Amino acid sequence: MGLFLPSAAVERVIDITPELLRELGVRGLILDVDNTLAEHGSPQPFAGTIEWSRRMADAGFGLIILSNNTHERVAPFAGRYRIPFLSMCMKPLPFAYWRGARRLGTKCRETAVVGDQIFTDVLGANLSRMRSILLTPVSEEKSLSFRIRRRLEKGIRRRIRQKGLGPEK
């Protein structure tokens, strides 16, 4: 179960504060796109996320987008947020996470992965020896593989709440 437990959990990316990051010992953030910065497949960022990313950068935190999506999907977000990105990352394998930390100039233990999926974002962070911040998914994905993963996540999310790591729901 430990590989699937995040360091912290919040509702939305904009709920992540400099105080939380300092408490976790984090200097850099690796961000997912779908259900983190935008609805799954949407070209529109969630309200307030661009401003949030600028506040985090102004507070001294490095940011990079890491996604399993294509360059064509990820590049427009990176441009809007004015942060670097890596696409086609094969999460949860740790190689792209390590590359992301190198690009940020942070050690693994000083880097947090932010995303909505336990079996990619949290697992990948833990395999990479990074912190992880799990978000609550905003929208439901339609594919069968996503529906299966979300069903498997339910028990783990319940355990996360019981451990006091995340928002109560």
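List of remarks:
- Based on protein heavy atoms only, the chain ends up with 50 Å² per residue of surface accessible to a 1.4 Å probe.
- Each semi-axis of the equivalent ellipsoid for segment 83-127 is √(5λ) with λ an eigenvalue of the Cα gyration tensor; in descending order they amount to 16, 12, 9 Å.
- Shown is the FRET efficiency for Ala59 and Glu11, computed with R0 = 25 Å from the Cβ-Cβ distance and rounded to the nearest 0.05: 0.80.
- Spacing of the two label points (7 Å from each Cα toward its C-beta) at Arg103 and Val138, in nm: 2.1
- The residue among Val13, Leu66, Ser42 whose Cα reaches farthest toward the positive pole of the charge dipole of the chain, with charges on the beta-carbon of Lys, Arg, Asp and Glu, is Leu66.
- Full-extension gain in nm, Gln44 to Arg159, via 0.36 nm per residue minus C-alpha separation: 38.2 nm
- Choice from Arg151, Arg54, Arg159 with maximal GNM fluctuation in the chain (Cα, 10 Å cutoff): Arg151
- Taking every DSSP helix (H) stretch of at least 4 residues in the chain, weighting each as -39,500 (n - 2.57) and dividing the sum by the residue count yields a mean residue ellipticity at 222 nm of -11000 deg cm²/dmol.
- Accessible surface of the chain, 1.4 Å probe, proportion on carbon and sulfur as whole %: 55
- Overall form of segment 21-98 per C-alpha gyration tensor (a/c, 1.5; a/b vs b/c): oblate
- Once the Cβ-Cβ distance of Phe95 and Arg149 is raised to the sixth power relative to R0 = 30 Å, the FRET efficiency obtained is 0.90.
- Segments 79-86, 105-112, 119-126, 30-37 sorted - mean Cβ within 10 Å per residue, highest first: 30-37, 119-126, 105-112, 79-86
- A Förster radius of 25 Å combined with the Cβ-Cβ distance from Arg129 to Arg80 puts the calculated FRET efficiency at roughly 0.25.
- Anisotropy class of the chain from Cα gyration tensor, a/c 1.5 cut: rounded
The values are calculated or read from the model by the stated rules, or taken from the named source; none is laboratory data. Predicted model only: the values in this text are computed from it and were never measured. Ideal geometry is used to build each Cβ from the backbone, glycine not excepted, and the neighbour counts take in all protein chains shown. Only protein heavy atoms, including side chains, enter the accessible area calculation; ligands, DNA and RNA are left aside. Shrake-Rupley method; radii C 1.70, N 1.55, O 1.52, S 1.80 Å.
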